[in-house]
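In what follows, a single structure is set out as structure tokens and then discussed.
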Amino acid sequence: MLRLQKFLAQSGLGSRRYCEKLIKDRKITINGSIALLGAKVSEDDEVIYEGKRIIFQFSELKVIMLNKPPGVLSSRKREKKIEIVFDFLPNTNDEPEWIAVGRLDINTSGLMLFTNDGTLAHQLMHPSYQIDREYLVRARGHFDEQIRQNMLSGVKIEGQIYKFSDIVIGEKKSSNQWFTVCMLTGKNREVRKIFQSQDLQVSRLKRVRIGPIFLPSTLKEGTYLRLTESQIEQLKKYGK
């Protein structure tokens with residue numbers, strides 16, 4: 001048996017707090033009756049939200065990593081014939097409904113995490129936990145110490161402050177310069193916007209780390225790997 005709000009959150013409906021609000025707003029039914037906060041449910045109960053039954057696998061916590069190829073959408077919604085990240089995940093009767101922990105834009109490659117636990121997914125994505133993310137960037141244009149300081153102190157873009165927590169300058173080939181950058185937020189196209197604000201054009205972008213989880217150099221694009229119990233425990237600590 002699980003408390004209803006935990007059941008809803010782990011089913012991917014939203015954060016625990018959001019699910020509690022749905023219950024208080026009388027939007028959830030259990031076996032045909034309006035649900036009360038604190039109610040407990042089992043896999044035999046019929047839990048309904050907006051006319052649809054909420055299905056939950058009472059199973060162990062699972063997390064997998066995917067090395068997302070460029071040109072793939074981080075979405076469940078398919079546009080024309082463009083591949084989506086879920087095309088690359090295990091999809092059998094024994095597997096859960098995977099929930100993406102954040103997104104990458106279509107042209108960005110690298111590390112994405114997926115879990116069967118909605119609570120963990122929402123915690124890891126919540127800005128208050130400030131989970132650091134690390135990227136490899138190849139960019140073209142003039143770069144100097146002033147630009148580096150601008151990127152670290154923050155630049156105002158569309159009314160918001162964007163900044164890196166760390167920048168390491170890498171190899172330079174012709175007009176292309178490599179960088180390793182870290183950030184504590186995950187706004188849409190944030191890395192690209194920071195570089196663009198300094199007149200630097202990003203030609204390649206790859207995420208290589210989320211918190212304690214690194215993308216293995218041996219994991220080929222379009223393939224996935226299951227996280228170990230130790231890695232999952234490390235992630236759970238970030239979500240507390």
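Structure notes:
- For segment 183-193, the condition holds for at least one residue, the condition being that it is closer than 19 Å to ASP132 by Cβ, in a strand (DSSP E or B) and within 22 Å of the chain's Cα centre (by Cα).
- GLY170 assigned to a strand (DSSP E or B) and either under 23 Å from GLN234 (Cβ atoms) or touching a Pro at 6+ places or on another chain (Cβ under 9 Å) (or both): no
- In segment 194-235, the residues that are within 27 Å of LEU120 (Cα to Cα) and part of a helix (DSSP H, G or I): GLU229, SER230, GLN231, ILE232, GLU233, GLN234, LEU235
- Figure legend. Inter-residue proximity from segment 99-110: first residues farther than 20 Å from LEU61 by Cα, second residues of a type in the set (Asp, Glu) and at pLDDT 90 or above, beta-carbon distance below 8 Å, spacing 6+ or different chains. Indicated pairs: SER109/GLU221.
- Residue match in segment 98-109 (condition: under 24 Å from ALA9 (Cα atoms), among the basic types (Lys, Arg), under 11 Å from the mean Cα position of the chain (by Cα) and not assigned by TED's automatic domain parsing to the domain that holds VAL191): yes
- Scan segment 189-226 for residues that are within 21 Å of ILE167 (Cα to Cα) and among the aromatic types (Phe, Trp, Tyr) and the total you get is 2.
- Candidates LEU205, LEU200, LEU124, LEU136, filtered to the one that is under 29 Å from LEU8 (Cβ atoms) and touching a residue at least 24 places away in the same chain (Cβ under 8 Å): LEU124
- Only listed residue being of a type outside the set (A, V, I, L, M), surrounded by 13 or more Cβ atoms within 10 Å (Cβ to Cβ) and at pLDDT below 95, chosen from GLY159, GLY222, GLY186: GLY186
- In the set (1) at pLDDT 95 or above; (2) over 30 Å from THR115 (Cβ atoms); (3) exposed (fewer than 13 other Cβ atoms within 10 Å of the Cβ); (4) in contact with a Leu (Cβ under 9 Å, 6 or more places away or on another chain), TRP178 fails one condition alone, (3).
The values are calculated or read from the model by the stated rules, or taken from the named source; none is laboratory data. Predicted model, so just to flag it, every value in this text is computed and none were measured. For neighbour counting, all protein chains shown are included, and Cβ atoms are generated from backbone atoms with ideal geometry for every residue, glycine included.
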